[in-house]
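One structure is given below, encoded as structure tokens.
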Amino acid sequence: MIFTETHLTGAFIIDPDPHHDERGFFARTFCRREFEARGLMSTVAQCNISRSLRRGTLRGMHFQLPPMQEAKLVRCIRGALFDVMLDLRSESPTFRQWIGVELTADNGRSVYVPEGFAHGILTLTDDTELHYLITQFYDPQLSSGVRYNDPVFGIEWPIQPAVINERDRSWPDFDPESLRF
């Protein structure tokens with residue numbers, strides 16, 4: 001795996017390092033030792049998949065509050081998506097900054113979303129599926145989010161979102177006082 005740290009402290013783009021032969025290729029997508037060596041997730045509490053049928057489906061911007069803050073390792077396994085990581089750690093030098101990365105089934109790229117970040121995706125093709133590892137169990141009492149189009153963040157989505165559920169559409173304006181990171 002090839003780890004590239006982004007301008008957001010602790011957030012990484014991870015590319016596969018495939019070994020090719022006449023059958024195709026083999027590559028690791030997670031290795032506890034390699035992640036631990038960088039101070040990243042070493043425990044996986046859940047492994048999830050998400051499938052979106054239509055291009056322009058937006059999911060996010062989600063996170064869990066303490067004590068169930070979660071880190072995620074996200075990979076697109078079908079189709080293509082635009083993945084957004086947003087730093088909500090008030091003490092971070094990159095607080096309220098974001099990065100967007102295109103993940104596709106073909107490029108095999110993953111992103112590592114640290115604790116204290118909001119995370120969201122926008123599908124770029126029909127029938128898009130993602131697979132992600134999470135360090136904490138889901139707790140609906142601590143599940144939260146910020147609005148995908150809140151002007152305080154200025155996230156630039158590559159296409160206009162077309163399918164958004166009511167919860168994601170109606171998060172209130174960002175209030176840093178509501179965070180407990």
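For the chain, modelled as a Gaussian network with Cα springs under 10 Å, which listed residue fluctuates most, Pro114, Pro67, Pro161?
Maximum among the listed residues: Pro67.
Could you give each residue of region 162-168 its phi-based ³J(HN,Hα) in whole Hz, using Karplus coefficients 6.51, -1.76, 1.60 with θ = phi - 60°, and x for Gly or Pro?
For region 162-168, the Karplus curve yields 10, 10, 9, 6, 4, 4, 6 Hz.
Taking R0 as 41 Å, what FRET efficiency do you get between Phe25 and Val163 from their Cβ-Cβ distance, rounded to the nearest 0.05? If you can, show how the numbers build up before the last one.
Details: r = 33 Å, r/R0 = 0.82.
Computed FRET efficiency for Phe25 and Val163: 0.75.
Can you run phi through the Karplus equation (6.51, -1.76, 1.60; θ = phi - 60°) for region 101-106 and list ³J(HN,Hα) in whole Hz, with x for Gly and Pro?
Those phi angles translate into 9, 7, 10, 9, 4, 6 Hz.
With Cβ to Cβ distances under 10 Å as the rule, what net charge do the other residues near Arg28 carry (K, R +1; D, E -1)?
On the way: positive: none; negative: Asp17, Glu34.
Here the count lands on -2.
Would you mind telling me which residue in Cys47, Cys76, Cys31 has the biggest mean-square fluctuation in a Gaussian network model of the chain, where springs connect alpha carbons within a distance under 10 angstrom?
Cys31
Non-local amide H neighbours of Phe117 (under 5 Å, H modeled in plane, Pro and chain starts lacking H): which ones?
When sequence neighbours closer than 5 places are left aside, the close amide H contacts are Leu88.
Every read-out reported here was derived from the displayed coordinates using simple, explicitly stated rules and does not represent laboratory data. All of these numbers come straight from a predicted model, not from anything done at the bench. Neighbour counts run over all protein chains shown; Cβ positions are idealised from the backbone, glycine included.
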